[in-house]
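The values are calculated or read from the model by the stated rules, or taken from the named source; none is laboratory data. Quick caveat, the model's predicted, so the values are computed rather than measured. Because the Cβ atoms are built from the backbone with ideal geometry, glycine has one as well, and the counts that use them run over all protein chains shown. Ligands, DNA and RNA are excluded from the accessible area calculation, which covers all protein heavy atoms including side chains. Shrake-Rupley method; radii C 1.70, N 1.55, O 1.52, S 1.80 Å.
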Amino acid sequence: MTSYLIQGARPYGEQPADLLVEDGLIRRVGPGSAAPEGVQVVDGTGLVALPGLVDIHTHLREPGREDAETVQTGTRAAALGGYTAVFAMANSDPVADTAGVVEQVHELGRAAGWVDVRPVGAVTVGLQGERLSEIKAMADSRAAVRVFSDDGMCVHDPVLMRRALEYVKGFDGVVAQHAQEPRLTEGAQMNEGAVSAELGLTGWPAVAEEAIIARDVLLAEHVGSRVHICHLSTRGSVDIVRWAKQRGIDVTAEATPHHLLLTDERVRSFDPVFKVNPPLRTDEDVHALRAAVADGTIDVIGTDHAPHPAEDKECEWSCAANGMTGLETALSVVQHTLVDTGLLTWRDVARITSATPARIGRLSGQGRPLAEGEPANIVLWDPAATTVVDPARHASKGRNSPYRGMELPGAVRATFFRGHPTVLDGALNSPSPRA
């Protein structure tokens, strides 16, 4: 396997250093030195070196919706976005609610070789919210599932949610909740507020999210288990999670890039690319989420990468599918909303996009520091670059990016997965032979 010397990059945006990568590991981090014979040099001048990103919330669509995305195309997109691991949500067809399906997804990811793919298991059979899925069988499978979610649907039955929390406690798993009280959101088309009233669209009230979060943190406390909140989107939800953490409840939460940047004002265009669940909220919510990421109330950034075929988005607003792509633009939005605003350092970014999501998902070998002897999962990021987003150039099959035509900062120059450059010079190179 080829060895690499990354010269002059700035680990965590700090002082320049060289990183020697051999046999899938970081062998040396330190001041500049001559490259050993036979080592390929990668120029890192001006680049920020971060641990490979880990996405706690990705939709790869396979099996069943290969018209929207496949494991191959989705993981290529992930590599181009600086990711070395993704957690693949369970709402495929068939649903990932058995050991057989999660093992299939795991094997597809291993065969693709672009990133680690860790399947998320469904909490309930078929995401129907009626009876628990084969949770223990999925945990004991080759996929070693530790995150369980009905994402796209809420586990709205409190008895089932309690039982799921009790069940995963036995093997240190976590239930990731899509917080949406279904009776309060029937027919909802966008955030409930001034804009929905003006447009005459049925609103999705903040309380529908907040009520479920409040219930579930109390259930987690009652049974002594872990709960994770997917795509938290409102100021009130931030307040509840902050209260729960102060109380000592084992809760973690994620925010998406789009909820950190975009507001419900975008819906005035009636462009279905802005239709998402939970919906884009108000400017007040956006700034509350940014502050919550900065103070640690929100633990991680999850892309909620949700590709769709054109026919599912290029239609009337009311008929359009919910969801946006995000793997190839996430780090740019993080820089724009959190780093360039002074809210976070690059070391903070490594924590919320790599170390903490790996810890929540109990994913060993990922989210590790840039240090000698650690796995060589690395992204080289150019913070001085600017990119005009063009979804037609993305590796994902989905073209439903809400940032189309926007100029965003930064660009991935290289991604190393287990010591192999899956991305070089900003373009796909080849999958890792160590996958």
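For the chain, the number of Lys pairs separated by eight or more positions or lying on different chains, with C-alpha atoms closer than 28 Å, is 6. Taking all protein chains as shown and a probe of 1.4 angstrom, residue 2 keeps an accessible surface of around 70 Å². Ligands, DNA and RNA are left out, and with a 1.4 angstrom probe the accessible area of the stretch 52-361 is 34 Å² per residue.
Summed over all non-identical Cα pairs, the Kirkwood treatment of the stretch 243-368 gives a radius of 15.7 Å.
Each residue of the stretch 327-337 is assigned a 3J(HN,Hα), and the resulting list reads 4, 8, 10, 4, 5, 5, 5, 4, 4, 5, 8 Hz, derived from the Karplus form 6.51 cos²θ - 1.76 cosθ + 1.60 (θ = phi - 60°), x at Gly and Pro.
The solvent-accessible area of residue 167, taken with every protein chain present and a 1.4 Å probe, is close to 110 Å². Accessible area of residue 287 (1.4 Å probe, protein heavy atoms only, ligands and nucleic acids ignored): about 90 Å².
With all protein chains in place and ligands, DNA and RNA left out, the 1.4 Å accessible area ranks 406, 161 as 406, 161, largest first.
Close amide H contacts of residue 411 (hydrogens built in the peptide plane, cut-off under 5 Å, sequence separation of 5 or more or a different chain): 382, 385. Axis of helix 71-80 versus longest Cα principal axis of the chain: the two differ by about 60°, to the nearest ten degrees.
Judged by the mean number of other Cβ atoms found within 10 Å, the most tightly packed of the peptides 235-246, 310-321, 170-181 leads the ranking 170-181, 235-246, 310-321. The mean sequence distance of close C-alpha pairs (under 8 Å, at least 6 residues apart), as a share of the length of the stretch 52-361, puts its relative contact order at 17 percent. Expressed as a whole percent, the accessible area of the stretch 1-152 that falls on carbon and sulfur atoms is 46 (1.4 Å probe). Ranking of 359, 65 by solvent-accessible surface, largest first: 359, 65 (1.4 Å probe, protein heavy atoms only, all chains present).
Just the C-alpha atoms of the chain: what Rg/Rh do they give, with Rh taken as the Kirkwood radius?
We get a ratio of 0.96 for the chain.
Within the accessible surface of the stretch 356-407, defined with a 1.4 Å probe on protein heavy atoms only, the carbon and sulfur portion equals 45 percent.
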